[in-house]
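Below is one structure, written out as structure tokens, with a few remarks after it.
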Amino acid sequence: MAKILYYFLLVLTALLLYNWFFIPGKIMSNGQSEKAGFGIITLVSCILSAVIGYLYYSGNQRGGNILVYTVFGIGLIGLVYIISTVRWN
């Protein structure tokens, strides 16, 4: 299960990198400020993918699994929080 989540994180990172490099800042609603915030998310995703990949391929499978589950757990909790506090009109 952890490997599937890791591959999902890699695909998500690839999509974020594609959006960062190939979608101009003028298309986004707030221009460069939104692109800079999106870049921070992309950078964090790249760092997490690299750290988890290093843990997996250096033989520390347990550490990689813990980090993958922690990242997706925090993401799920954040998603539930956003859904519960958003104003649905």
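A compact table of results
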item: Distance between modelled label sites at Phe8 and Ile74, nm, 7 Å Cα→Cβ extension; result: 1.7 nm
item: Label-point gap, in nm, between Ile66 and Arg87 - each point 7 angstrom along Cα→Cβ; result: 4.3 nm
item: Nitroxide proxy distance, nm - points 7 Å out along Cα→Cβ at Ile41 and Tyr18; result: 1.6 nm
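Every number here is computed from the coordinates shown, using simple stated rules; none is lab data. From a predicted model like this one, the values you see are computed outputs, not experimental measurements. Cβ sites come from the backbone with ideal geometry, for glycine too, and all protein chains shown count toward neighbours.
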